[in-house]
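Visitor: Before I ask anything, here is the structure I am working with.
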Amino acid sequence: MLQIYNTLSRSKQAFKPIEPGKVKMYVCGMTVYDFCHIGHARVMIVFDMVVRWLRVSGYEVVYVRNITDIDDKIINRAVENGEPISVLTQRFIDAMHADSDELGLMHPDHEPRATDYITQMQGIIGRLIEKELAYQGEDGDVNFAVRLFPEYGRLSGKSLDELNAGERVAVGGGKRDPLDFVLWKSAKAEEPVDTRWKSPWGEGRPGWHIECSAMSCDLLGEHFDIHGGGADLQFPHHENEIAQSEGALYGRDHQANDQPFVNYWMHNGHIRVNEEKMSKSLGNFFLIRDVLKNFDPEVLRFFMLRAHYRSPINYSDAQLEEARAGLVRLYTALAHVSVSDQSVDPHSPWAKRFADAMNDDFNTPEAIAALFDLASEVNRAQGEERMRLASVLKGLAGTLNFLQRDPTDFLQAGSRSDVVGLSADAIEAQIAARVTAKQAKDFAAADLIRKNLLEQGVVLEDKPGGLTEWRRS
């Protein structure tokens with residue numbers, strides 16, 4: 001049975017969907033004012049993996065990932081560029097889709113944009129005001145009254161007193177308490193006209209947190225199975241989602257046995273770069289499209305899933321090269337083996353080991369370790385047994401979208417940074433020259449050709465029958 005680590009309970013729990021056989025999942029997506037970076041890549045890759053495994057396990061999954069297309073950063077960037085909000089956001093939505101497609105990721109079933117859900121957001125805000133959990137301040141902003149929601153802090157494990165002690169925002173403007181957060185921002189005179197909507201509280205725009213409650217509840221219902229996102233969203237974003245969603249549903253009389261907004265909260269770990277936090281100020285900020293100029297998309301996916309999704313991960317070119325070497329080892333096991341049937345007997349020991357790992361809170365490191373051990377068995381086997389094991393290897397890896405390409409194509413492609421390396425035709429010419437040297441019994445010349453090719457990142461492998469195969473190291 002699938003076990004999922006639930007951030008809310010701080011423990012692994014047996015997964016029981018609300019509706020048998022069906023899973024409703026919402027993941028916080030991107031704020032589209034710039035190109036996606038490798039932190040975004042981890043979120044996309046992790047929850048793509050989760051959806052794939054849920055579907056392989058027989059669940060019917062509805063996967064929702066939102067797009068934040070109205071936000072202070074978006075407004076500031078559009079003003080700097082002198083362009084409409086919609087033009088800016090569409091450009092970066094298109095770029096996000098291009099990055100996702102190159103990474104080989106599935107599209108979510110629904111990809112709602114915040115600006116299409118203003119009415120639903122206003123509806124939730126109105127309910128919160130009616131239930132006396134929200135108020136309009138003197139500055140026109142509508143805020144959520146955190147202290148009136150007794151369950152606040154449950155997800156992050158922070159008490160109100162702890163939060164208050166760490167709060168540096170002075171009470172002023174429209175807030176009654178520094179812990180309160182904005183639901184609706186009153187429009188400012190200097191802001192562009194395409195950043196404001198009419199509302200019962202005057203012209204303005206939604207706060208960041210309210211959009212996810214509106215979109216998830218509209219598409220999945222007020223009670224659904226899984227909510228995911230990066231670890232940085234656990235507080236305050238997801239904490240605020242719970243407060244405003246359950247507050248709108250139950251009011252101030254929220255009881256402990258009331259159905260929660262979400263049953264399972266999943267958070268993927270941070271990415272560090274050379275053991276430092278990734279940030280623009282440190283100059284260690286990497287865009288997906290820049291990384292993919294040097295590394296194959298499958299390598300980046302493999303790198304991300306070699307680590308458990310909840311663990312922090314250290315990003316570096318050396319780590320990506322190590323991931324590529326791992327994929328080379330797996331693809332090498334499939335080279336020159338006929339794999340026509342990828343169906344996997346679920347009762348086979350390899351399938352069981354793989355499934356046990358994935359059902360243990362999506363333990364991809366252990367699942368990938370099983371693939372490496374299986375690859376070793378493929379290399380040792382002969383004849384039909386080798387074909388059978390290779391089919392199992394490709395089939396299991398396919399559930400994570402690995403090893404689905406022609407092995408020779410992958411092995412000869414090398415790193416994308418090898419743009420100044422030898423072409424395939426040049427390599428074949430050197431191999432032909434080596435064959436000629438060997439036929440002339442000039443073994444020193446043949447060895448020199450092998451050595452020179454190796455120094456340029458090309459590995460030769462002599463096979464029975466006088467054939468020589470090559471791959472990039």
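Just so you know, all these numbers are worked out from the coordinates, no wet-lab data involved. In this text, all values refer to a predicted model and were calculated from it rather than measured experimentally. Neighbour counts are summed over all protein chains in view; Cβ atoms, including those assigned to glycine, are modelled from backbone coordinates with ideal geometry.
Visitor: Would you mind checking K185/K293; K22/K394; K293/K394; K277/K451 for any pair whose Cα atoms are more than 31 angstrom apart?
Guide: Beyond 31 Å between Cα atoms: K185/K293; K277/K451.
Visitor: So what's the angle, to the nearest 10 degrees on a 0 to 90 scale, between helix 72-81 and the longest Cα principal axis of the chain?
Guide: 70 degrees
Visitor: Quick check: residue separation of F286 and H237 times 0.36 nm, minus the Cα distance between them. What number comes out in nm? If you can, show how the numbers build up before the last one.
Guide: Details: separation 49, 0.36 × 49 = 17.64 nm, distance 2.41 nm.
Once the chain is fully extended between F286 and H237, it gains 15.2 nm.
Visitor: Modelling each spin label as a point 7 Å along the Cα-to-Cβ direction, I'd like the A318/S348 distance in nm, to one decimal.
Guide: Between A318 and S348, the label points sit 3.7 nm apart.
Visitor: Test of understanding: ordering H227, H267 by Cβ neighbours within 10 Å, fewest first, what list do you get?
Guide: Fewest-to-most ranking of H227, H267: H267, H227.
Visitor: Oh, and also: Run the simple label-point estimate for K22 and E60 please: 7 Å along Cα→C-beta, distance reported in nm.
Guide: 0.6 nm
Visitor: If a paramagnetic tag sat 7 Å from the Cα of A381 along the Cα-Cβ line, which residues of segment 295-339 would have the backbone N under 18 Å from that point?
Guide: Under cut-off, by backbone N: 329-339.
Visitor: With the dipole of segment 23-134 worked out from charges on the C-beta (+1 for Lys and Arg, -1 for Asp and Glu) around the Cα centre, which of P84, A95, S57 lies farthest toward the positive end?
Guide: Toward the positive end, the furthest listed residue is S57.
Visitor: Any idea what angle helix 208-220 forms with the longest principal axis of the chain, computed on alpha-carbon atoms, 0 to 90 degrees, nearest 10?
Guide: The answer is roughly 70 degrees.
Visitor: Measure off 7 Å from each Cα along the Cα-to-Cβ vector at D258 and E130, then give the distance between these two points in nanometres to one decimal.
Guide: 1.4 nm
Visitor: In addition: Compute from the Cα atoms of segment 1-54 the Rg and the Dmax, the latter being the longest Cα-Cα distance, and quote both in angstrom.
Guide: 13.9, 41
Visitor: I need F302, F372 ordered by Cβ neighbour count within 10 Å, fewest first.
Guide: Numbers: F302 26, F372 13.
Sorted ascending by nearby Cβ count, the order is F372, F302.
Visitor: Given 10 Å bins starting at zero, what is the percent of C-alpha pairs of segment 172-278 in each, up to the one with the largest pair distance?
Guide: All Cα pairs, binned at 10 Å, distribute as 12, 34, 32, 19, 3 percent.
Visitor: Separate question: Based on the Cβ-Cβ distance of E191 and E275, what FRET efficiency does E = 1/(1 + (r/R0)^6) give at R0 = 41 Å, to the nearest 0.05?
Guide: Once rounded, the FRET efficiency stands at 0.50.
Visitor: Okay, next question. Calculate the translational D of the chain in whole µm² s⁻¹ from Stokes-Einstein, where the hydrodynamic radius comes from the Kirkwood formula applied to all Cα pairs, the temperature is 10 °C and the viscosity 1.306 mPa s.
Guide: Values: Rh = 25.2 Å.
Reported coefficient: 63 µm²/s.
Visitor: Using amide H atoms built 1.01 Å from N in the peptide plane, name the residues 5+ places from T31, or on other chains, whose amide H lies under 5 Å from its own.
Guide: Hits under the 5 Å cutoff: T68.
Visitor: OK, next. What do you get for the angle between helix 443-455 and the principal long axis of the chain? Use alpha-carbon atoms, 0 to 90 degrees, nearest ten.
Guide: With rounding to tens, the tilt is 0 degrees.
Visitor: How big is the dipole moment of segment 293-413 about its Cα centre under a simple scheme where the beta carbon of each Lys and Arg is +1, that of each Asp and Glu is -1, and everything else is neutral? Debye, nearest 20, please.
Guide: So the dipole magnitude of segment 293-413 works out to roughly 100 debye.
Visitor: Report the extension gain between E203 and R10 in nm, rounded to one decimal, defined as 0.36 nm multiplied by the number of residues separating them, less their alpha carbon distance.
Guide: So the chain would gain 65.4 nm between E203 and R10.
Visitor: Which percent of Cα pairs goes in each bin when the distances of segment 107-228 are cut into 5 angstrom slices starting at zero?
Guide: Histogram of Cα-Cα distances, whole percents per bin: 2, 10, 18, 20, 20, 15, 10, 4, 0.
Visitor: Relative to a virtual label point 7 Å from the Cα of D360 in the Cα→beta-carbon direction, which members of segment 282-318 show backbone nitrogen distances below 13 Å?
Guide: 308
Visitor: To the nearest 0.05, what FRET efficiency results for D373 and H110 with a Förster distance of 41 Å applied to their C-beta separation?
Guide: 0.60
Visitor: Which residues' amide hydrogens lie under 5 Å from the amide hydrogen of V273, considering only partners 5 or more residues apart or on another chain, with H built in the peptide plane?
Guide: HN-HN under 5 Å from V273: M278, Y315.
Visitor: Quote the relative contact order of the chain in percent (integer), defining contacts as alpha-carbon pairs under 8 Å separated by 6+ residues.
Guide: With pairs under 8 Å counted, the relative contact order is 15 percent.
Visitor: Quick one: 3J(HN,Hα) in Hz for segment 138-149, Karplus 6.51/-1.76/1.60 with θ = phi - 60°, rounded, Gly and Pro as x.
Guide: Per residue, the Karplus-derived 3J(HN,Hα) values read 5, 7, x, 5, 9, 10, 8, 8, 4, 5, 8, 10 Hz.
Visitor: Across segment 100-105, in residue order, what do the Karplus-derived ³J(HN,Hα) couplings come to in whole Hz, using 6.51 cos²θ - 1.76 cosθ + 1.60 with θ = phi - 60° and x for Gly and Pro?
Guide: Whole-Hz 3J(HN,Hα) from phi for segment 100-105: 4, 5, 5, 6, x, 9.
Visitor: Determine Rg/Rh for segment 293-413; Rg is computed over alpha-carbon atoms and Rh is the Kirkwood hydrodynamic estimate from the same atoms.
Guide: Reported Rg/Rh (Cα atoms, Kirkwood Rh): 0.96.
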